[in-house]
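Derivation of every value follows stated rules applied to the coordinates shown; laboratory data play no part. In this text, all values refer to a predicted model and were calculated from it rather than measured experimentally. Here Cβ is always computed from backbone atoms with ideal geometry, including for glycine, and neighbour counts include all displayed protein chains.
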Amino acid sequence: MLSKNKLALAVGSLVVLVTTSAFAQDAATNANDVYAWAAAAAGFAIGIAALGGTMSQGRSVSAALEGISRNPGAAPRIQTAMILGLAMIESLVLFALVIAILLWTKITVGA
């Protein structure tokens, strides 16, 4: 057991100390990488937000319709809560859109 820990420590130290020089870059290419990562982050953020928003909206509408079908007398209360929930979910997606647009403007201004 002790030899496995020593071996893991030796391999971990070797990986940390040797591979850092492989990631060294000069400042000119590093600035372009920041814009590339910001563009990727903007696309990823809006994609994940759209996916999460549509999935959660589908689940909330499904649950609301199931609740209304079980108890039709409670339809107005369920529908009001569902619409309020859908508005909150959509606001989160719009926040992600705003963040993606802000990242996009940083890319176009900086490039």
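Listed residues I99, I78, I107; which is free of Cβ contacts under 8 Å to residues at least 40 places away in the same chain and surrounded by 12 or more Cβ atoms within 10 Å (Cβ to Cβ)?
I78 is the lone residue from the list that is free of Cβ contacts under 8 Å to residues at least 40 places away in the same chain and surrounded by 12 or more Cβ atoms within 10 Å (Cβ to Cβ).
Mind listing whichever residues of the stretch 35-44 are within 15 Å of F95 (Cβ to Cβ) and crowded, with 17+ Cβ neighbours inside 10 Å?
Of everything in the stretch 35-44, just one residue is within 15 Å of F95 (Cβ to Cβ) and crowded, with 17+ Cβ neighbours inside 10 Å, namely A42.
So which of I83, I48 ends up being touching a residue at least 12 places away in the same chain (Cβ under 8 Å) and among the hydrophobic types (A, V, I, L, M, F, W, C)?
Residue meeting the stated conditions: I48.
Can you tell me how many residues in the stretch 53-66 are surrounded by fewer than 16 Cβ atoms within 10 Å (Cβ to Cβ) and free of Cβ contacts under 8 Å to residues at least 24 places away in the same chain?
Count: 8.
State yes or no: is A96 in contact with a helix residue (DSSP H, G or I) (Cβ under 6 Å, 6 or more places away or on another chain) and farther than 29 Å from D33 by Cβ?
no
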